[in-house]
Amino acid sequence: MLDLSVALMDGTAPELDWNALSTELNDALHGCLCLFVDQLWPSGGAGRCRAWAPEQIGGILLDTLVRETISEHPLARHYVSNDHDRVPVALADVISTTDWRRTRTYGILRSELEIDQQMAVPMGLARAFVVCFPPGERISERDREYARQVQPLLIAAERHQLQLKESFGAPSDIARATRQAADLGITARQLTVLTLLAEGLTAVAIGRRMGISRRTVTKHQEHLYRKLEANDRLSAVLRAQEAGLVPIPIAGSAGPPFDPAERSKAPG
């Protein structure tokens, strides 16, 4: 998980590599298949496979199978019935092995993909990684603990990618900004903090937006000030704008609500 956390927190790619993340989860949990499913809901329009591992299994086949089985899938039903529960769970946590093997879903997935037990790692309200295991394999407490630990890393990584998209728009603009940031030793994670600083958010608000602590935000600010050779938030943002790291406000629009006293304050 260390390699994954470093890649997620400090990567400079403008898009998350969902297939690579699926492969990492599949390998770490010793699964035979890992899907990243959009709209993990028991409804007719749900169940597009956005990514999967191993790659030799075709996406069209997986889309068809997921849509065919999602309406009765115990994991989907669990999260719909418990709409505030986003803790990673295994099939064995929500249905007995006997009842699971009586379902139509089990019959289809066992026949088509030779999979039995599964575990979901939710990504928000309706999306999840689903790690699948071959017949005879059991999901251990170590597997559950890994899923619980890696889930916030995955969610935080996606949040910072969404923030970059919101700030810069086009993927080409994100790629350019992340390249220029990398030249200054600024990670994509720090770049996200920088864009939020430019919007005038406090350390507490940034932490809430990114799913990290205020202390972590403050540490990122300190690193940014050093790398940008700035003494305060305003000068850091101005230098970042000059370097093309954050968007420059359109003339006539309201700029970020900087506090004039910010120059004399510590980061945060």
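The values are calculated or read from the model by the stated rules, or taken from the named source; none is laboratory data. As the structure is a computational prediction, the values presented were derived from the model and not from experiment. Keep in mind that these areas ignore ligands, DNA and RNA; they rest on the heavy atoms of the full protein, side chains included. Shrake-Rupley method; radii C 1.70, N 1.55, O 1.52, S 1.80 Å.
What's log10 of I(q)/I(0) for the stretch 101-229 at q = 0.10, 0.14, 0.15 Å⁻¹, Debye sum over Cα points only, no solvent? Log-scaled intensity ratios, in q order: -0.49, -0.75, -0.80. When nucleic acids and ligands are ignored and a 1.4 Å probe is applied, residue 57 ends up with an accessible area of around 40 Å². Taking a ≥ b ≥ c as the square roots of the eigenvalues of the alpha carbon gyration tensor, the stretch 90-171 is prolate, as a/c is not under 1.5 and a/b beats b/c. The heavy atoms of residue 216 present about 50 square angstrom of accessible area, all protein chains included, probe 1.4 Å.
Need one word for the stretch 115-154: rounded, prolate or oblate. Basis is the Cα gyration tensor (sqrt eigenvalues a ≥ b ≥ c); a/c below 1.5 gives rounded, then a/b vs b/c decides.
oblate
Amide H contacts of residue 123 (H built 1.01 Å from N, in plane; Pro and chain starts excluded): 128, 129 sit under 5 Å, all sequence-distant by 5 or more or on other chains. Here the 3J(HN,Hα) profile of the stretch 24-40, calculated from phi with Karplus coefficients 6.51, -1.76 and 1.60 at θ = phi - 60°, is 4, 5, 4, 5, 5, 9, 6, x, 9, 7, 10, 10, 10, 10, 7, 6, 7 Hz, Gly and Pro shown as x. Couplings 3J(HN,Hα) of the stretch 209-214, computed from phi: 5, 9, x, 10, 7, 4 Hz, in residue order, whole Hz [Karplus 6.51 cos²θ - 1.76 cosθ + 1.60, θ = phi - 60°; x for Gly and Pro]. Annotation: amide H of residue 41 within the under-5 Å range of 47, sequence separation 5 or more or interchain, hydrogens built in the peptide plane.
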